[in-house]
Structures are given as structure tokens and as C-alpha cells.
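Written out below as C-alpha cells is the structure these notes cover.
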There are 2 protein chains.
Amino acid sequence: MAKQENKTISGFSKLNKRGKIKWIVENFFKEPEAVMNELMSYWHINDEKQKILDEISENTISNFHLPYGVAPNFVIDQRAFAVPMVIEESSVVAAASSSAKYWMERGGFSTEVISTVKIGHIHFYTSGSVQLLRSVFAQLKASLMTEVKALTTNMNKRGGGILDIELLDFSELEPDYYQLRVKFETCDSMGANFINSVLEQFASSFVRFCKTNDVVRSTLGDIEVVMSILSNYTPECIVRSEVSCPISDLGKYPGGLSAEDFAKRFYKAVRIAQIDPYRAVTHNKGIFNGIDAVVLATGNDFRAIEAGGHAYAARDGQYRGLSQCTIDGGQFRFWLEIPLAVGTVGGLTNIHPVARRSIELLGHPSARQLMSIIASVGLAQNFAALRSLVTTGIQKGHMRMHLVNILRQFEATEKEIKQTLVYFKDKVVSFSAVRDYLNLLRDKML
Amino acid sequence: MAKQENKTISGFSKLNKRGKIKWIVENFFKEPEAVMNELMSYWHINDEKQKILDEISENTISNFHLPYGVAPNFVIDQRAFAVPMVIEESSVVAAASSSAKYWMERGGFSTEVISTVKIGHIHFYTSGSVQLLRSVFAQLKASLMTEVKALTTNMNKRGGGILDIELLDFSELEPDYYQLRVKFETCDSMGANFINSVLEQFASSFVRFCKTNDVVRSTLGDIEVVMSILSNYTPECIVRSEVSCPISDLGKYPGGLSAEDFAKRFYKAVRIAQIDPYRAVTHNKGIFNGIDAVVLATGNDFRAIEAGGHAYAARDGQYRGLSQCTIDGGQFRFWLEIPLAVGTVGGLTNIHPVARRSIELLGHPSARQLMSIIASVGLAQNFAALRSLVTTGIQKGHMRMHLVNILRQFEATEKEIKQTLVYFKDKVVSFSAVRDYLNLLRDKML
């Protein structure tokens, strides 16, 4: 008789891992035992390692395997890298590799870290006059800096710390609303925990200061701190990566397209992403295909990078492509300027065993070097995507890559795969075409 | 004697997997054998399964394990789900679970799929007059639709297909630049391959039509199709998820905060994200923490979701928070409206063995149901983050979660972990504080 199913539960997080899996498979799957075994088959063979993975997140019952690939031949600022990439989309690593090699033969990527400032805020409301707060602001700053010392000593030693504290007035947009905006340098760490800990300490110091300082207390009254938190918008933590070469060196393209015509078409594709937000979104999505793959491989946080990057793309009031292209004076130039707040120490980078190996593979880069590498992979990805789009179209290469994946869905045998690959060598690949061909094969119609 | 290192390579993709690993470890690592063994230890024990994973991407040498967790107690449109989440950031799954349970006790999440239209473009240039193209547009449409039939039959059977084709004039922004904008319904698939294949077919039909139609040929001359591709900006593929309850039911909060005061502070936090882009980015980043975790677990493409979502956040010219809150008439209401172009069939969802299990765990949802689930997890995540921010601050909970991770970095024993947890029960957790305490422990100073 079927067990009574319970779709909700109290105390799930308190169950041990097996208990969690048991509850899940018994209440949500038709074949509980098979699913339990399958989920457990993804555990790492070494218990210690698995424990590390389990404790990265909560309510963990298994691992989700993403392919760990490598894009070799990235020459960035005259140094060669084999870049680790973690991504579930086909064609991305192939495109990055192809683009890397293409530009290796044309001088490689040149980068510049433009700035590395990170920002956090104490958001507060007060109905009093903040004018007098300004008059004692030096005193407030000194007080905040003193009381936060236990948290900043370490970062100061590494050459980072708190750069500036400003008072911002938003009361015209929202009555009584102000900010303390704090700028940080966090060296080789992404710095989220450091920044948030400092801000929360600042917030309690700030409240105390306002309660105890005679000038402030009389004019400002009680302040209400709503929240204290870093911003993932980092338009002052920017890197530029660029490639360039004489237009005549761009090579020849399918269909007899000359280097010059290719350059013109490529330029137009970049230009379109500046004009039309519909195109800009997909253009930038391609850039992030490359960026996120390295961000993931190195244990950084891709949601933070994505949010900051896309907001930056909309900074002038219209969402636009993040890359730029010029074809002046016989020279092709293509570049990307993007905010990238990443770290190479601390956080998941030090915890995840494979993320640690990624950092080693990249030669233990500083955070600034990692910014350069990631931006270059993003640019390479964008170059490869646009190169395909303006020449053969992306579907030819992409669907060929995807062909084997489609075949696997139908549990094709190795023999069937070989036959199908031969058949589609000169045909348009689509899901249904592959399925139909496979059905014919299996029905011995061929 | 040290082997001569080669940091660049020709023919890497042609090497077999072991060959690739060998080249990588020998040229980039100090202990090649140990690293090779480590990378291989992440392979799945079953060769067939590993092969599937290997072929998802290119140049794959291992798997990157992300924690696979579950957030139970999501009641969405009166139905209970245990939601699979794949994420490398601590606290996210805990926050989603806590928020899910909180709202389960208050009526759960209500959702509405507002629309499911997807969009693609043929971007083209012509120096001729497009006025006459408009006069034969019905004829062009018919021709395009006929020639694409082989690709659309299957999608039509499933109830989807091509909804509309429009001609858009961008020539005021960029001389000679126009678009064919095509709208699609792709049912339960995300549809990227379908859309791109249709668009590329349209492009060649379009060029042929312009060459052979007498009216067009004489007035339009040659058209130049620059590219044909779907857009990841999907402001017509939108879902809304919302929660609401009487303010008095919101419960009590630390420090004696009443339900009413909590509601006011929460409202302010949502409002601030509408005003200040710096806050909006982080606000939305928190939403995507939840969204991307489900997107990944179900084999969907988080770069596409991120790009479309953030561009949507900037649609009125300023980047703003994606969620909204009202506290009118004694009622607390909190909701999220977001574009989510996801699929439950096709793509990686059918290929990745654990993604398939995720779909099963969710009860084989349609794409529309998956939109509802994902939006609800995003909203839950946002609720949990704001609830922490406006009450205790996020660092208290977050650093406690992170504490064990910090300890693992220092290879703390189970005994050391226990002692440290006890010690920090009433203290502020920071990386350096934990390290210092652990050093004292180890030096037997305690």
C-alpha cells in the first residue's frame, strides 16, 4: 500500500543528510530507492571532501555536477593562461578557446585595471536637520573609525581598509532618507563579509554617537537605521580588456567575405547592441557566458557580478552593450569595460577544493589579475559570438555541438551516434530532424 | 630536471580527456600527479553518466561540484513543493526555507503568469526605401512561413510556433538599419534553438525574397542581413508572485519590534531599492540568489535569466528593485514581477541526470508552473534578506553559517569546531577573530 505522502515538514534542517534524502524521495518520487541511490552516487568518494561540499550550503543532499573545462591559449598582457571554465551551456568553452587562439596569433589581450573601490551604505531616516550632523562629521568619522578597529586591523595590514565616509542626502526623493556611503579597498578578497561587518559596526556606533553627542541629539533626535549593507554595484571597480590588429590581419571568412567586410559587419553588430536594448541584453548575455564560467570556476559569486555588470550597462538611462568597437585608420579595435568585484582569497575560493585548483591553474593571481583574466574571457566570448553571428550564423556550430546532446536524450548507442553525425554533416540540425532520423534508423527504414 | 613548460598548445581539443588533463597538470601545477588524481576523483563512478556530463561542454577534464540542496515547505498556489536549489553561497537555502515556512503559515505564495511571448530579430541594413517592402509585407510573411515549415511543424503540434512578424525602422538612430521582429510561443521549452533556427531560415528566405520579388528588387536593392538571433530580453514573458497577510499577523521581532514597526521598516527597505540604484543592484542580487539556484537545479540558463531580469529592472531609465511592497489598510502585500524565459523540456533539462530529477521533484511542472515556482523562490529570498536586514542585520546569521567554512579553511578538527562554535555563541564572528581564537586554541593558550 502506498505510504501517505507528506509534502510539508517541520524540522527538515535538523535531519541528518540521509534523513533528508529519505524524506524527499519517499514523498516526491515514484521510485524512492532508485532515486536515493542515484543522488548518493554523486557524493564524492572521500568523506572529508564531501563534508566540505555539504557545508558550503544548507539542506544539502547531493552534488550538482557542472562540467569543468579548460580554455587554453589565453595570452593576456603577454602572459599565457589556460583558463578554467565551469558552464552547462554547450559551445561556450569551444568559442572561448577558438577566440583565445585567434587573438594569441594577433598579439593577445591587453588589460588595465582602472579602479578597485567597493562601496557600502548605512541607510537611515531622520526627521531632524542633518545640517548640524555635517558640522560634527569629522568627529563622527573619528568615532566610527576608532570603534571599528578590531575589524579593520587585519585588512589595514594587507594594504586595504576604509577609504572614505560621506553623508548623502536623498530627502528630496524620499522624506527623511539619508545615507552614510562608505568606500573600501579590500585587496585580494571580494570583501563582502568584511564590508558588511564594518557597516553593521558603524551603524551601532553611529546610533550611539547620535544619542550621546550633545549637538546631534538636540537637532537630529532619534535616527532610524533601516539597514547597513554593501552594494554589488561597483562602477568604481572597473577593468578594461582589449584586442586590436590591422584590419588586413583579420583573415578570411566563409562565403568569400574579406577581412574588411568582416570588420564592417562586426562593427555593425557591436553598434546595434548600443542602439537596441533587445539586442544589448543578448549581446551582454554572451559576454557573461564567458565571465560567469571563470567566476564559478574560481569560487566567486556570479549573481554579484551579473547584477553589477547589467546595472552598469544601463548607467546612462538605456540598457546597452558592454563592448565597443572601432575600425579607424585601418585598425580594428574591440574592447570591454566592466565592473568586476572578485577575490582570490577568502570566501568559497579557499574552501571549494576545485576552486582552489582553479586559482593554482591561473598561477595564483591577485584580485586585479583575476579581473583582467575574467574580462578577457568575456571579451573573447563576445568576439566569438559576434564572429559567428555575422558570418555563418550561430546555429550551424551550436547545433552540431548540441547534436550529441540530443542523441543522448534518446539514449542513442555509439553506433547510432556515429551514423547520425555522418548523416547530418551537410544538413541543418534541429531537435525534430534528429529525432526523426533516429526513429527511421531504429525502425530499420534506413 | 624540471620539464620544459609549455603554456600554449595547438590541438588541445583533439586530445582525449586524459591527454588534456596530462597537458594541464604537467604545465601548470607543481604536483602534476596529485592534481591529476584529484581532478579524476571528481569523475562520476559510472562511465556512461560521466560521458553525458563530459559532452555537455567542451575541453572538459572534471566536474565542478555545487551543493544540491532542498528548500521544503514552499506552498505556491495552494500546492506544496520541496524546491531543489544549486548554489555555492551559504545562507541562501536556509533563508529560502525559513521564508517558505513563514509564508506557508500565512497562506503561501500566489502567482500569475502574465504572458509567455519570446522575441527574436533579423537585423538588416538597406540603403533603399523600405516603404515598398511594407506594401508587399503580407506576401513576404507568407513566403517566410511557407519556407520555415519543416522547422515549425513540431512546435505547432505542441500548440506553439510563430505569433507575429513586424518590420521595425531604426534608421533615425542608425542610417539604413531595420529589423524584422518575430514573436514566438515555445510552450514548455525555453526555445532558444527553435527560435534561432527559425530566424536563420527566415533570413535566407528574406534575402531570396528581396532578390526575386520584382517590386522589392527595384526599390530596395540588396539587403544586408547582419545577424539573426533571439533576444534574451523577454518583457512579454512575465510572471508575478506575491504574498500578503494582515500586518498584525507578521509576528514579533528581536528587540521588541512590533509587527507594525517591522512592516514599516520592511516597506522602507523596498522603497529604498526603488530610489537608489546602488541599493537596487544588491536588492535584486538577493532575488537572483533564489532564482538562479532553481534555474541551475532545473538545467536552465541563468545568464539568460539574469540579463533579461536586470534589463527589465532598468526599463524606465533607472535601475530599480524588482519587488514592490504596500502596507495599506492593515494589509501587508509584497510581490515580484519578473521576466522568466525557462523550459522544462529540451536543452540541458533533459540531459543532465540531476536536472531531470529536479523536474521530477517538482512534479513535472509545465514551463508556466516553473515560472511561478522560480519567481516565488526569488520573492522568498528577497523577503528573508530584507527581514534580516531591517531587524538583526545579515551578518549575525550569515557569519554563523560561514563560521564552519572558515574553520574548514584552517583544517580544524571536529573538536576544535565544537569548541569554537561554543565560544562564538555570543560573539561577533569575523574571519580574523575565528583565526585568532583557533590559534590560541592550538597554542594551548586556552
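The values are calculated or read from the model by the stated rules, or taken from the named source; none is laboratory data. Computed from a predicted model, the values in this text were never measured in an experiment. Cβ placement follows ideal geometry from the backbone for every residue including glycine, while neighbour counts extend to all protein chains displayed. Side chains are part of the model used for accessible areas, which takes the heavy atoms of the whole protein and leaves out ligands, DNA and RNA. Shrake-Rupley method; radii C 1.70, N 1.55, O 1.52, S 1.80 Å.
Checked against the criterion of being under 30 Å from A:Asp436 (Cα atoms) and not hydrophobic (A, V, I, L, M, F, W, C), the candidates B:Lys149, B:Lys101 yield just one match: B:Lys149.
Of the residues making up the range B:336-353, those that are buried (at least 21 other Cβ atoms within 10 Å of the Cβ) and either in contact with a Phe, Trp or Tyr (Cβ under 7 Å, 6 or more places away or on another chain) or β-branched (Val, Ile, Thr) (or both) are B:Ile338, B:Pro339, B:Val342, B:Thr344, B:Gly346, B:Thr349, B:Ile351. Residues that are more than 14 Å from chain B (Cβ to nearest Cβ) and hydroxyl-bearing (Ser, Thr, Tyr) occur in the range A:216-223; there is at least one. For the range B:205-228, the tally of residues that are closer than 14 Å to A:Arg265 by Cβ and of a type in the set (A, V, I, L, M) stands at 4.
Against the conditions (1) more than 7 Å from chain A (Cβ to nearest Cβ); (2) out of contact with any Pro (no Cβ under 8 Å at 6 or more places or on another chain); (3) within 25 Å of A:Leu53 (Cβ to Cβ); (4) among the hydrophobic types (A, V, I, L, M, F, W, C), B:Leu66 satisfies every one except (1).
Name the single residue that is nearest to B:Val295 (Cα to Cα) among those in the range A:75-128 being among the aromatic types (Phe, Trp, Tyr) and assigned by TED's automatic domain parsing to the domain that holds A:Asn193.
So, considering only residues that are among the aromatic types (Phe, Trp, Tyr) and assigned by TED's automatic domain parsing to the domain that holds A:Asn193, the one nearest to B:Val295 (Cα to Cα) is A:Phe124.
For A:Ser204, the conditions (1) open to solvent by 30 Å² or more (accessible area, probe 1.4 Å); (2) closer than 25 Å to A:Gly347 by Cα are fulfilled apart from (2). Going through (1) open to solvent by less than 20 Å² (accessible area, probe 1.4 Å); (2) assigned to a loop (DSSP other than H, G, I, E, B); (3) over 23 Å from A:Glu411 (Cα atoms) one by one, B:Ser57 falls short only on (3). The set of residues from the range B:1-19 being more than 7 Å from chain A (Cβ to nearest Cβ) and not hydrophobic (A, V, I, L, M, F, W, C) comprises B:Lys3, B:Gln4, B:Glu5, B:Asn6, B:Ser10, B:Gly11, B:Lys14, B:Asn16, B:Lys17, B:Arg18, B:Gly19. Beta carbons closer than 7 Å, at least 6 apart along the sequence or on distinct chains, pair a first residue in the range B:101-112 that is at negative phi and of a type in the set (Val, Ile, Thr) with a second that is outside any strand (DSSP E or B) and open to solvent by 50 Å² or more (accessible area, probe 1.4 Å) for B:Thr111/B:Asp77. The one condition from (1) out of contact with any Lys or Arg (no Cβ under 6 Å at 6 or more places or on another chain); (2) within 11 Å of another protein chain (Cβ to nearest Cβ); (3) more than 30 Å from A:Glu174 (Cα to Cα) that A:Ile52 does not meet is (1).
Suppose we filter A:Tyr253, A:Tyr233 for residues that are among the hydroxyl-bearing types (Ser, Thr, Tyr), open to solvent by 10 Å² or more (accessible area, probe 1.4 Å), in contact with a helix residue (DSSP H, G or I) (Cβ under 9 Å, 6 or more places away or on another chain) and closer than 30 Å to A:Leu199 by Cα; which single one remains?
A:Tyr233
Taking the residues in the range A:409-436 that are part of a loop (DSSP other than H, G, I, E, B) and over 18 Å from B:His352 (Cα atoms) as candidates, determine which candidate is farthest from the chain's Cα centre (by Cα). Of everything passing the filter in the range A:409-436, A:Lys427 is farthest from the chain's Cα centre (by Cα).
Candidates B:Arg303, B:Arg333, B:Arg315: the one that is open to solvent by 10 Å² or more (accessible area, probe 1.4 Å) and at the interface with another protein chain (Cβ under 10 Å from one of its Cβ atoms) is B:Arg315.
State which residue is farthest from the chain's Cα centre (by Cα) when the search covers only the range A:1-51 and only residues that are outside any helix (DSSP H, G or I) and acidic (Asp, Glu).
A:Glu5
Within the range A:429-446, if we keep just the residues that are touching a helix residue (DSSP H, G or I) at 6+ places or on another chain (Cβ under 7 Å) and under 26 Å from B:Gly191 (Cβ atoms), the residue that is surrounded by the fewest Cβ atoms within 10 Å (Cβ to Cβ) turns out to be A:Ser432. The criterion of being more than 15 Å from the chain's Cα centre (by Cα) and either under 30 Å from A:Cys245 (Cα atoms) or crowded, with 23+ Cβ neighbours inside 10 Å (or both) does not hold for A:Asp292. For the range B:69-91, a tally of residues being surrounded by 22 or more Cβ atoms within 10 Å (Cβ to Cβ) and facing chain A (nearest Cβ under 7 Å) returns 11.
Residue-level analysis places B:Ile45 among those that are within 10 Å of chain A (Cβ to nearest Cβ), hydrophobic (A, V, I, L, M, F, W, C) and surrounded by fewer than 17 Cβ atoms within 10 Å (Cβ to Cβ).
Selection within the range A:269-283: residues that are within 7 Å of chain B (Cβ to nearest Cβ) and under 18 Å from A:Val243 (Cβ atoms). The member of this set that is most open to solvent (accessible area, probe 1.4 Å) is A:Arg271. Listed by first and then second residue, the pairs with beta-carbon distance under 7 Å, at least 6 apart or on different chains, first residue in the range B:426-442 and free of Cβ contacts under 8 Å to residues at least 40 places away in the same chain and of a type outside the set (A, V, I, L, M), second open to solvent by less than 70 Å² (accessible area, probe 1.4 Å) and outside any helix (DSSP H, G or I), are B:Phe431/A:Gly346; B:Arg435/B:Phe410. For the range B:28-42, a residue qualifies if it is open to solvent by 60 Å² or more (accessible area, probe 1.4 Å), more than 21 Å from A:Leu66 (Cβ to Cβ) and more than 9 Å from every other protein chain (Cβ to nearest Cβ), and the qualifying residues are B:Glu31, B:Glu33.
One line per residue, one yes/no per condition, for (1) on the phi > 0 side of the Ramachandran plot; (2) in a loop (DSSP other than H, G, I, E, B):
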residue	(1), (2)
A:Val342	no, yes
A:Glu360	no, no
A:Pro365	no, yes
A:Ser372	no, no
A:Ala384	no, no
A:Leu407	no, no
A:Leu438	no, no
A:Lys444	yes, yes
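Looking only at residues in the range A:108-137 that are among the hydrophobic types (A, V, I, L, M, F, W, C) and within 26 Å of A:Thr234 (Cα to Cα), the one that is surrounded by the fewest Cβ atoms within 10 Å (Cβ to Cβ) is A:Ile114.
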